[in-house]
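To keep things clear, I will list the structure first and then write my remarks on it.
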Amino acid sequence: MFSWFGMVSFVPYTKVHEFAVWLKEGRLMGSVCKGCGHTTFPPRADCPECLSAEFAYKEWSGRGKLYSLTTIAAAPTGFEEHAPYRIGLVELEEGGRLLAWLGESLPAAEATVGAPVQVVPRILGEREELRVLYSIERPGTTWGRSPFAAG
Ligand SMILES: [Zn+2]
């Protein structure tokens, strides 16, 4: 439910409604299971470890290390005009890995495996669910506007 071609995530406004509200403020909230302490990002209402539905939100810094990087030359439908583009997997400081686009603040030469990076949420649109992509930026980069937003 949190991946769509691995690039854009759709966040349903159901069990983790607050997550969408915080994302719109540029904040990355994960969840901590009250049953076993397992942490997840994005947040999950139902713990994948112990199946408890009791959880608390915790803010992720967005800091992490670039775990892998790849260039997408043959883009899926809807993203052809952006190809070729680069996406990477970021190992988040607080736990979890997130697939994200390579943002404009991070020059290709600095985007190497193991490099410290910052993940920033960028809201693309909102209907019944929030449409968000994460971009990999220089450490310290905060909330940014979507490069694909209209206007
Ligand atoms: Zn648990």
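Derivation of every value follows stated rules applied to the coordinates shown; laboratory data play no part. Computed from a prediction, not measured in an experiment: that's the story for all the values here.
Here is how the numbers come out for the structure above:
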| item | result |
| --- | --- |
| Phi to ³J(HN,Hα) by Karplus 6.51 cos²θ - 1.76 cosθ + 1.60 over segment 44-58, Hz, x for Gly, Pro | 10, 5, 10, 5, x, 8, 10, 6, 5, 9, 9, 8, 10, 7, 9 |
| Amide H partners (placed H, <5 Å) of Arg86, local residues excluded | Ile72, Leu102 |
| Karplus-derived HN-Hα couplings along segment 21-37 (A = 6.51, B = -1.76, C = 1.60, θ = phi - 60°), whole Hz, x at Gly and Pro | 5, 5, 4, 5, 9, x, 9, 9, 10, x, 10, 10, 5, 6, x, 10, x |
| Equivalent-ellipsoid semi-axes of segment 9-137, from the Cα gyration tensor, Å, largest first | 27, 18, 12 |
| Sequence-distant residues sharing a close amide H with Val117 (under 5 Å, placed H) | Gly64, Lys65, Leu66 |
| Rounded Å value of the spacing that divides the Cα centres of segment 55-117 and segment 14-49 | 20 |
| Interchain or long-range residues, amide H under 5 Å from Phe55's placed H | Lys34 |
